[in-house]
Amino acid sequence: MSYELTGKLFLKFDTVQKTETFKTREFVVEKSEDINGKLITSYIKFQCLQDRTGIVDRVNVGDEIKVHFNIKGSKWEKNGTVSYFNNLDAWRIEQILQPSKNETGNEQLEPLDTFTSSSDEVNDDLPF
């Protein structure tokens, strides 16, 4: 199951090579919400694994982002003691559109990242 969270990129950590074939990278998103008239700020730590460790490279601390992630839970046993822990595994990051003023002074949305097609053709072979 996939989840999304929108907030401000607060902190990026370096990529850590855990073993010869396994690497991870963590980052923190600041999320503020108004709950019954009180501003509550949370700091949520995510991890990226393997080939996804580079997804945080294209955004900067302070950027508004949307993180797409999965929740993973594990059970760990040692010396008869059982522990449980969760990970938020990020697999995609999007920059949020930033408002700007047009010539009339009204706000309009402008994308931070613009993606264009390499072809002007429309593909009508889609199955839906």
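The values are calculated or read from the model by the stated rules, or taken from the named source; none is laboratory data. Because the structure is a prediction, the values reported are computed rather than measured. Here the Cβ positions follow ideal geometry from the backbone for every residue, glycine too, while neighbour counts run over all protein chains shown. In case anyone asks, the SASA skips ligands and DNA or RNA and just uses the protein heavy atoms, side chains included. Shrake-Rupley method; radii C 1.70, N 1.55, O 1.52, S 1.80 Å.
Suppose the filter is among the hydrophobic types (A, V, I, L, M, F, W, C), open to solvent by 50 Å² or more (accessible area, probe 1.4 Å), modelled with pLDDT under 95 and under 19 Å from the mean Cα position of the chain (by Cα); does Phe128 pass it?
Details: among the hydrophobic types (A, V, I, L, M, F, W, C): yes; open to solvent by 50 Å² or more (accessible area, probe 1.4 Å): yes; modelled with pLDDT under 95: yes; under 19 Å from the mean Cα position of the chain (by Cα): no.
No; evaluated as a whole, the condition is false for this residue.
Is it the case that the stretch 72-87 has a residue that's touching a strand residue (DSSP E or B) at 6+ places or on another chain (Cβ under 7 Å) and under 27 Å from Leu97 (Cβ atoms)?
no
Restricting to the stretch 1-37, give me the number of residues that are in contact (Cβ under 8 Å) with a residue 12 or more places away in the chain and either touching a Lys or Arg at 6+ places or on another chain (Cβ under 7 Å) or part of a strand (DSSP E or B) (or both). Walk me through it before giving the result.
The initial filter retains those residues of the stretch 1-37 that are in contact (Cβ under 8 Å) with a residue 12 or more places away in the chain, namely 1-13, 15, 22-32.
Next, from what is left, pick out any that are either touching a Lys or Arg at 6+ places or on another chain (Cβ under 7 Å) or part of a strand (DSSP E or B) (or both): 2-13, 15, 22-32.
Total meeting the criteria: 24.
To keep it simple, each residue is scored yes or no on (1) farther than 17 Å from Glu26 by Cβ; (2) outside any strand (DSSP E or B).
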{"residue": "Leu39", "(1), (2)": "yes, no"}
{"residue": "Gln47", "(1), (2)": "no, no"}
{"residue": "Gly54", "(1), (2)": "no, yes"}
{"residue": "Val61", "(1), (2)": "no, yes"}
{"residue": "Lys66", "(1), (2)": "yes, no"}
{"residue": "Lys72", "(1), (2)": "no, no"}
{"residue": "Asn86", "(1), (2)": "no, no"}
